[in-house]
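Data block below; observations after.
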Amino acid sequence: MKQLTKTRLRLASALFLLGGIIFTCGLSDLLGENPRRDAQKTTRRITPPPAAPEATPGSGTLNPGGPNISWVGTGTGVPPSPDESTCVEGVNCDTFTLTLSGTPGDWVGKTARVVISADDPDLSDYDVFIHKGADNSGPLVGSAASGGTPPEVVDLDPNNPAVGTGVFSVHVVYFAATSADQYSGSASVIGGVPTPTPTPTPSPTPVAGTPRFFNYYAPPGVANDAGEPTIGVNWTTENVPHPTGTGTQTFKNQNLDGTENTILNGGTVNYYGGFLAFMLRVTFDDCSSPADALFEEMPLVLAATPRVFGDPLLFTDHLTGRTFVSQLVGLTPAGASIEITDDDGDTFSPSQGAAPSCLDHQTIGGGVFHTPLPPGLIYPNAVYYASQCVSDATSQLSLDGGITFPIQTVMFTALDCAGLHGHIKIAPDGTAYVPDKACASGGVPFVFGGEAAVAVSENNGLTWDVRTIPGATSNAGVDDPSVGVSWCPPDSFACDKAARSNTIYLGFLFEDGRPGIAVSNNKGLDWSTPVDIGALAGVKHAAFPAVVVGDPDRAAFTFFGTTTQGSYDQPEFPGIWHLYVATTFDGGANWTVQNVTPGDPIQRGGICGDGTCRNLLDFFDATIDKQGRILIAGEDGCIDGCVTGGPNSFTAKAFITRQTGGKRMFAVYDAETAEPTRAGAPKVSGGLNAANTEVTLNWPTPDNGGSPITGYNVYRAPAATGPFVTPIATLPGDINTYVDTTFPAGPNYYVVTALNAVGESPYCHPLLAELVDPPTPCDLPYGLLVINDFNADGTDKDSGQNTPVDGSVNVRQLFIGEPFLGAGVNKLVFTLKVAPSLLTSPPPNSQWFIVWNSLPPNDVTHDRWYVGVRTDAAGTPTYEYGKFGPPLPLPPEPPNPDANTPQPQGTSITDPTNISGSYDVASGVIQMTLSASKADDVGRTAGQDLAGLNVRTYFNRLDPGQRSQNNASDITDDSSYTVVGNATCAPVAQLVNAVSRKIHGAAGTFDIKLAPIVPSTSTAIECRRGGASNNFQVVMTFAAPVTFTGASVSPGTGGVASTSGSGTNQATVNLTGVNNAQTITVNLLGVSAGGAPTDIPVRMSALLGDTTADTAVNSADVSQTKSRSGKVVTGDNFRSDVTIDGNLNSADVALVKSKSGTALPP
C-alpha cells in the first residue's frame, strides 16, 4: 500500500468481535507492515540525565542461545514527548538495561531483536532508541520510530564493531501514548533456528539447462516510479506486431546460407506499477539477442480517479487475453477502480470495480470455473478479486468477466492469519489459492506470528480452508509470500488438469527474512520440508517473493536478496540488493540459485516499511509466456550514478527480466530448445564517423546457447542481401566492438555472427554504415574506447616478453567515461577489459596499472600519475591512485629510487570517496571510478589531456618497487584522452509530450495533445469549458526527471494558479483567467534535467465549442456534437463533451450553439 496524503494519517480504530473476543485495532494492527510515516519525527542526541527510571523489570541478560526476555513500561505518557531529547524519565520515557552476553564470536549468524509493541498500535505511538552503555549515555546503535507501534523492531548485530556485546540502554519514548495502553518489550535471538531447515548442497557452477536472462529497461524518463509492479502475458497475441510499433518487428533472423528462422515471442507483455497513468505494453522481437523490446505507453481511462491509498495491480488471463488494471480508491467502501482491455491496451473500458476494496493488498486472478459450475455464467472464465479488510480478508467472484463482482465471501479472519496476503492464483481445475505470511490455529497471528500458508477454495470461492506449512515459521512483519500453480502448456489437449492442480509451490520469508520454499502435491494438505533457498547463494535476507510454475516439476522462485547480515529493513543497513532467481526441474528436490543483476544493484541500503527507503513498496511479480519463458516485473531503486557506487537513487524504475536460454517451464519445448545449440544473433549498432574514415560496430553479448562464446565473425557486403561469405575480421569472444578502416566506397552493410562449440549463429538485420553521432564519454556502461589492444584482424597485439601468461593480465580494451553523477560531481570511470582467465578468482599478488603523464611542474619522484588495482596473497583486490615515478635514468645519471615506481596516494580502503572499483573475473571487466581532483597533483579539469596513456599488468609479482614496461605481463601502446567534465554529460530537458487535461465526470480523464504536433507551426485547440474562472491544466512530460522554478503565460491573457511536479518527469501547470478565442504560450521556467536551465514553451489555443478543431465554431461543430448526443464519452468523441460532465447531451449542443461565430484570430 502506498499513501497519497502528505499529512500524517490516523484511521479510527475498529472494534470487532471474533470468536467471543473483542479486539480494538487500527490500520497497522492487521496490515502487518508500517504505513508510510509522512510526518517524520525529529531526534536530537543530548546527554540525558543519569539514573534513568527503569522499566519493570529494569534489566535483563540475553544469551546467544536464549531464552527470550521481556519487560513492560512504567511511564505515564502525560504529556507526550515529541522526541528523545526532551522526554522526562518516568513520565514520557523509561529505560530497560539490556546485556548481551558472551563475545561477538558467540553471535556469528545471530542478531538480538528488540521489539516494542502495544495493544492498540494505531492509537499508541512508542519509539525506541538503543544506546551502547548504561543510562542512555553511549552512542546510538539502533532506533525505530514508525507511525504507531506496529511494533517497533530493532536488530542489534554483535558482530558489527559499533555494536559488540555488553550493556545497552533500551530507551522507550512515549511519543503519543499513555499508560492506559502500556507498551511491552522483548529481546530475542534471531538467526539461531532451533530446528535447522534442510539446505541442499549448492552447485559450484550452474547445472546444464539452468535458465539464462536479460534485463530490459523502460526508456529513459519512462516509468521511473513503478513500485509494486505486476506483469501478464497475453498468449493469444504471440508474434503480433502492434500498429504503433516501429515497423521493423519481423520475429525472424537469417542464416548465412540464406534460410530464415522464425522465433515465437510467447505473447504480448503487459506491465503496471506505481501510480502510472498508463499501462506498459512490451513486444519482444527475438530476431537479435538480446531481443528488441518495444515499450509503449497505453493510456488508462481511470488514472485520475481521486484516491486516498493506492495499490497497483495488473492481471492478464493468458488464455482469454483479457487484462485487468486496478488501483485502490481507499476508504472502504469506496472500492477499487478496475479497467479492462481485450486488445493489450489499444482500448480500455471501466468495470464497475470491486467494492468494498477494503484497505490493502488487493489482488485479481482468473481462470476456469471449478465444477460444479455456478449458475448465471456470462463469461467463460472466473475472475476473482481479493483484499484485506482489517478484521478479515475477503474474496469477490465475477461471473461476467470482471464487470461486476456479486459474490463476496470471507477467506479468513484475524484469528486465522495475518491481515496481508499475496496474489491469488487459479489452478487448471478452478481451485483458487491465496497465500498468507503467518497463519495459526490459535492466538492472533499478526501479534504472535505463525506459519506461512495458503487459503484454498475448491468451490468457486464460496468457502475457504487455511492450510499451513509445518516449519515455515514466519510473522506479520515480513513480506507477503507467493504461491505458484501448475499451468497447462498451450495447445495441449492431453493436459491432466486435475493432477496439475494438486501441485503448488509456496515461496515465503522466514521470520528473520531468509527466503524459503515448500511444495505440496495435494493442494496444501501436506508439504515438503521447507528449503532455505538463500543458503545456496549466501543470501541472508530477502524481499518480495514471487513464484511461477509451469509443469508440476518445474518452478521458479524470484526475490530481491542481500548477502549482508543485519537490520535489512532499516535505512542505515549497509547491504546491497540484487534480483535472484531460483529454479527447479525435479519438483523441488534440487534448486539452482543465481543473481541475475550481478553488476547492477537493485537497492543500496535498506528495503524498508516506511520512509524514503520504501521506494520499492511491497512486492513485485513474475509470470511465464506461451513458450514457457520466465518473465519478471522488476523495479530498480538504484539507477544512473548509483550503479557505479553513488548513493541510492530511491527510484522504482520499470524493467522486465526475461529468460533467453536454458530449460523452459514447459517440457514440451525441451526438444526444440535442447542445448548446447548455436548462440543468438548479435544485436549490432554503430555507424560511420564524420570524417568518413571509420565504421564502428558495437553489440552486447548475446545468449550463448548453453556453450561459451569463443569468438565473433564480422562480415561486410555492398547490399543488405549480401553476400556475407568471408569475414573481414574474427574477434575473441569477449570483445564486443570492431572498427573498420578499410571499407570501400559505396554502401556498406555489416553483420556480426557469434561462434561457439556448436557452430556459427544467425544474424539479424544487416546494418548500413551511415553517419551517426559518435560515441561520447557520457555513454554507459563504458564511455569512449581509448585503447584497443588488437591487430586489425582481431588477434592480440602481444609479443615477446610482454606475452601474458594468463587471460587475467591480457589487456584487451580500455574505456574512459564521465557520466553525469550529479551537479558538481566530477569523476572519471576507467573500464579495463581483460581476456577470460583460467582462474575463478583474481590472481594473487598481481597488479593492473593505467598510467598517464602528469602536468608540470613535477619533481624527481614522479612525472606520471596512475589509477590501478592490486591483489593480495588471497587475491582480494584493492583499488588505488597516485604518483608514478619517471623512467629509468640513462648513465651517467645516478639511479632514481622512484623510477617507474607507483606511489599510492589513496586507496579504496583509506579514501573510498575518491577511488572505488570492481573486478568481475567471469567477464574480465575491471572498473575504477576516480575523482577528477585526484587525477594529478592538482587534479584534472575539462579540456586537459591524459596524455601518454597506457596500461601495464603484472601477474603474481610479489616484489615491491619498479613496474617497468620491459617486465610487464602485458603493455599497450600509448593513447590519450581529453577530459570533458561531467557537466558535459548532464542530461538536457527533453519534452516528449504536453497535453491539456480535464476530468469528464465519471467518464474519466481525457487529454488534448498540445505537443508535439505536426506541423510544428500549428497549435492544438482546447475546445472545452474552463468554468467560471476559465481554469485549465497543462501537463508536460519529459524524458527524464526535471526541476523547474515556476511557470508563466506569455504571450496571451491568463495566469498561473499553481505548479507541481518539480523533481519528477511530469510537470503540471494550473492556469486561471484564460480568455476564450486566443492563443497563449505556457512557459515552464528554469527547466533542468541536471544541466543548464532553460525555459520550455508550449502553445495552446482556447476556443470553446470548436469540436472539429478547425479554428472556428460553426454549424460543423454543432452538427458533430448533435450526432454524438446520447453516446458514451470515449477517447474518440470526448471533444464534444464541452461541458466536461461525462455526458454527451443537449447541454453540450446548446453550449456549442452559443459560441457559433467565434473564431481564433488570424
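Bear in mind these aren't lab numbers, they're just calculated from the coordinates by the rules spelled out. Please read these numbers as outputs of a predicted model, since none were measured by experiment. Quick reminder, even Gly has a Cβ in these numbers, built from the backbone with ideal geometry, and neighbours come from all protein chains shown.
The table below gives the values:
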{"item": "All lysines inside 29 Å of Lys827 as judged from Cα atoms, apart from same-chain residues fewer than 8 positions distant", "result": "Lys653, Lys883, Lys934"}
{"item": "Reference-scaled alpha-carbon Rg (2.2 N^0.38 Å with N residues) for segment 548-704", "result": "1.27"}
{"item": "Test item: Cα-centred dipole of the chain, Lys/Arg +1 and Asp/Glu -1 on Cβ, debye", "result": "1580 debye"}
{"item": "Local electrostatic count, Asp937, Cβ distance below 15 Å [Lys/Arg +1, Asp/Glu -1]", "result": "0"}
{"item": "Global size of segment 1036-1140 as Cα Rg and Dmax, reported in angstrom", "result": "17.0, 51"}
{"item": "Cut-off 10 Å between beta-carbons: net charge of the residues surrounding Gly948, Lys and Arg +1, Asp and Glu -1", "result": "-2"}
{"item": "Translational diffusion of segment 685-768, µm² s⁻¹ [Kirkwood Rh, Cα pairs; Stokes-Einstein; 37 °C; 0.692 mPa s]", "result": "248 µm²/s"}
{"item": "Cα extents of the chain along the three principal axes, largest first (Å)", "result": "99, 86, 68"}
{"item": "Cα gyration tensor shape for segment 816-966, rounded if a/c is under 1.5, else prolate or oblate", "result": "oblate"}
{"item": "Under 24 Å from Lys540, Cα to Cα: lysines that are on another chain or at least 8 residues apart", "result": "Lys110, Lys437"}
{"item": "Proximal aspartates and glutamates relative to Lys663, as straight alpha-carbon distance under 15 Å, when same-chain residues fewer than 8 apart are discounted", "result": "Asp551, Asp553, Asp586, Asp625, Glu672, Glu675, Asp703"}
{"item": "Charge sum, other residues only, whose C-beta stays under 13 Å from Ala499's C-beta, Lys/Arg counted +1 and Asp/Glu -1", "result": "-1"}
